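Below is one structure, written out as structure tokens; the observations come after it.
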Amino acid sequence: MSTVPADIAGIGSTSQRVRVSPGFDPLKAAVGPEEYFVLSRIDGVQSLRDVMLATGLPVDRAIAIVTRLRSIGALLLPGETAAPAPAAVPAPPAQRPAAPSRAAASSPTPVNPRTITPMSRTPSATEPVIPTFVHDLRLDMPTAAELAALGEDNALTDTERRRILAIARLIDQNDPWAILGVDSGADTKTVKRAYFLLSKEIHPDRYYGKQLGSFAARLNVVFEATSRAYAKLTTPEKAKGTASQQALRKQDQPQTPQEYAAELFDRACQLEVSGQALEAMKLFAAAVRMDPQTRYLRRATSCALAAGQPKTAVEYAKKAHGQAPNDASSARLLAAAFRAAGKLSDAEEVLVMAMAIKSENDVLTNELRNDLAEVRRLLASP
């Protein structure tokens, strides 16, 4: 099926504007990365048809996911105030790796732990082929930092830790194809689908509110690297040729301030991940001076808090919040900076305003509510 049907069994017209059910917890419902990705695209404004097309998934697969989300109480139809009781509907077929080819099996070349090998699977007769990805999670010859990270007591599974570390190993190679897990020269459609699947697997929001330990910084670095890889491969001029060919084309071109800022930001992120927060702060400051992007400012705020520099954190957080005044996450970060600086009244004011911002993210809303309760507790204590 290549076009979105006018109706879906059990849901109705695809021209409807469905909403995410208030209180639905994707973590408790154990939704998969693809299901989470589709769920994140439902905003109550776009029609179901537009949502399905925006995902870039094959129509049959999108229908199966939407049907399952409806069956587990995640979606509300127009006029509904509560989702129907979840039905006992099995999850969509899980991704399964195909057996290696004879050529691959007989190849004497060892697997390089710093590369991504694209993986495909054999679909059923009625199931569309969906590109997926796989990283070498063996982490051969791990560093001391990687071993320490794998042994941390945090909320991540062993597979999640290894995937984050495996992708982090690829960043210095500057190979966007490898980071996304696609063949060099893959078409834009394949790149897009691979990015959508991978970005939802490693998106920081997926782990919001969880204890991540050192992986909190690593997760941001890996997600940003994945986003940059996608941007490189979907920009017409940069998508042509290998990384080395791109480098040759740029040799005679002067580096723009924005490019230099991005380079400084990347280096700062690497320093922060390795525990050198004070050194990272110097590079974050330089990057922000040249290109004060919101994401640079937010990351610099987090680093300043980790480095014990609350005043600097407040400065960065104010600028980030000024650029995104309707972003509850930016407001929460500003409140955290105020709280670290001992400005509890300012933190309370920001959190109250953040609570008034409309958000479809129930987890974030609960976190804001908890933060506000804690700040008020501190204000009331002698």
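Assorted remarks:
- Classified by the C-alpha gyration tensor, the stretch 287-339 has an oblate form. Its axis ratio a/c, with a ≥ b ≥ c, is 1.5 or above, and a/b does not exceed b/c.
- The overall shape of the stretch 320-382, judged from the alpha-carbon gyration tensor, is oblate: a/c is not under 1.5, and a/b is no greater than b/c.
- Extension gain, Ser15 to Ile357, is 120.4 nm, computed as 0.36 nm per intervening residue step minus the present C-alpha separation.
- Here the 3J(HN,Hα) profile of the stretch 366-378, calculated from phi with Karplus coefficients 6.51, -1.76 and 1.60 at θ = phi - 60°, is 5, 5, 4, 4, 5, 4, 5, 4, 5, 4, 5, 5, 5 Hz, Gly and Pro shown as x.
- Computed extension length for Ser214-Ser345: 44.1 nm, one decimal, from 0.36 nm per residue of separation with the Cα-Cα distance subtracted.
- Anisotropy class of the stretch 1-81 from Cα gyration tensor, a/c 1.5 cut: oblate
- If you take all other residues with their beta carbon under 12 Å from the beta carbon of Leu180, and give Lys and Arg +1 and Asp and Glu -1, the sum is +1.
- Phe215 sits among other residues whose Cβ lies under 15 Å from its own Cβ, and their net charge, with Lys and Arg +1 and Asp and Glu -1, is -2.
- Between Arg138 and Leu27, full extension at 0.36 nm per residue minus the direct alpha carbon distance yields a gain of 37.3 nm.
- The Cβ shell under 10 Å around Glu224 holds other residues with a net charge of +2, Lys and Arg each +1, Asp and Glu each -1.
- Placing pseudo-labels 7 Å out from each Cα toward the beta carbon at Val45 and Glu259 gives an inter-label distance of 3.4 nm.
- Fraction of accessible area attributable to carbon and sulfur, the stretch 256-336 (%, probe 1.4 Å): 53
- Highest average packing first - 209-216, 301-308, Cβ atoms within 10 Å: 301-308, 209-216
- Split the accessible area of the stretch 1-40 by element, probe 1.4 Å, and carbon with sulfur accounts for 55%.
- Sorted peptide list for 198-206, 257-265, 147-155, criterion being average Cβ within 10 angstrom, highest first: 198-206, 257-265, 147-155
- Site pair Leu378 and Ala155 shows an inter-label distance of 2.0 nm when each label is modelled 7 Å from Cα along Cα→Cβ.
- Over the stretch 5-48, accessible surface divided per residue gives 47 Å², non-protein components excluded, 1.4 Å probe.
The values are calculated or read from the model by the stated rules, or taken from the named source; none is laboratory data. Remember, it's a predicted structure, so these values are computed and weren't measured experimentally. With ideal geometry, Cβ positions are generated from the backbone for all residues, glycine too; neighbour counts draw on all protein chains shown. Only protein heavy atoms, including side chains, enter the accessible area calculation; ligands, DNA and RNA are left aside. Shrake-Rupley method; radii C 1.70, N 1.55, O 1.52, S 1.80 Å.
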